[in-house]
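Structure, as structure tokens:
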Amino acid sequence: MSGRALTLFISGRLVQQEERDSVQNVVTAIAGPMGVEVLEIRWLGAGRSRSVRLVVDQDGGVGADTCARLSREFDLEWEARMAAPRDFALEITSPGPDRPLRTVKDFSRVVNRWVQVERQSDAGTDTLTGKVVSCSEDTLILSESGILPEAGDLSGCVAVPFAELRNAKILFVIGNTTPRGKMARRTTRR
């Protein structure tokens with residue numbers, strides 16, 4: 001490179017890679033020690049109305065107190081590193097209930113919860129619904145009946161290789177399930 005900063009156009013505004021890296025570095029410095037995982041950093045808007053949206057999560061979920069503390073810590077760290085206040089709005093939010101499930105960590109958070117996964121295999125595409133029993137680095141185990149098996153007994157469970165997963169989401173169950181795992185009422189996605 002010729003020593004010039006790489007620039008990107010985002011929402012019609014020129015944003016320098018250096019500024020993007022600075023935001024990333026500040027977020028990384030404050031989030032980890034707080035036990036917060038940064039899922040996404042997104043630049044929005046242009047000019048005076050530009051903002052950075054941080055989508056964050058942590059075990060047990062993210063509340064307003066965590067978002068407020070992250071915002072305060074971000075500003076302190078930003079001013080210490082940049083020697084100036086930030087010139088963009090900062091939005092901090094949780095991923096919400098519609099968060100797609102993509103990683104082992106995502107599935108580990110929802111063990112014993114109903115999920116729907118779309119699988120693409122040599123046989124074609126199919127959709128499975130079940131409770132997450134466990135997951136490893138390469139395989140997701142689902143109980144289609146909704147009854148969690150005894151330790152070591154995976155009969156009645158389906159193993160889905162992570163390489164075959166295309167889409168996955170949490171299902172919110174309204175009402176109770178019967179002993180056979182059938183939905184007593186209905187399943188809905190929020």
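Tell me which residues come under 5 Å, amide H to amide H, from N167 once H is placed; ignore anything under 5 positions away on its chain.
Under 5 Å from the amide H of N167: E118.
Quick one: putting +1 on the C-beta of Lys and Arg, -1 on the C-beta of Asp and Glu, what dipole do you get for the range 7-93 around its Cα centre, in Debye to the nearest 20? Please report the intermediate quantities before stating the final value.
Values: 10 positive and 14 negative charges, 81 e Å.
Here the size comes out at about 380 debye.
Tell me, in nm to one decimal, what length is gained between S71 and I41 on full extension, where the rule is 0.36 nm per residue of separation less the Cα-Cα distance?
Once the chain is fully extended between S71 and I41, it gains 9.4 nm.
Quick one: 3J(HN,Hα) in Hz for the range 101-115, Karplus 6.51/-1.76/1.60 with θ = phi - 60°, rounded, Gly and Pro as x.
Rounded to whole hertz, the list is 9, 10, 10, 4, 4, 4, 6, 4, 5, 10, 4, 6, 10, 6, 9.
For T103 paired with T127, estimate the spin-label separation in nm (one decimal), with each label point 7 Å from Cα along the Cα-to-Cβ line.
Between T103 and T127, the simple spin-label model gives 2.7 nm.
At what distance in nm do the modelled label points of S22 and L165 sit from each other, each positioned 7 Å from its Cα along Cα→Cβ?
3.7
So who's got an amide H within less than 5 Å of the one on S94, skipping anything under 5 residues away but keeping other chains? H placed 1.01 Å off N, in plane.
Placed amide hydrogens put V56 under 5 Å from S94.
Laboratory data are not the source of any read-out in this text; all were calculated from the coordinates shown. Quantities reported herein were computed from a predicted structural model and do not represent experimental measurements. All Cβ positions, even for glycine, are placed from backbone atoms using ideal geometry, and neighbour counts span all protein chains on display.
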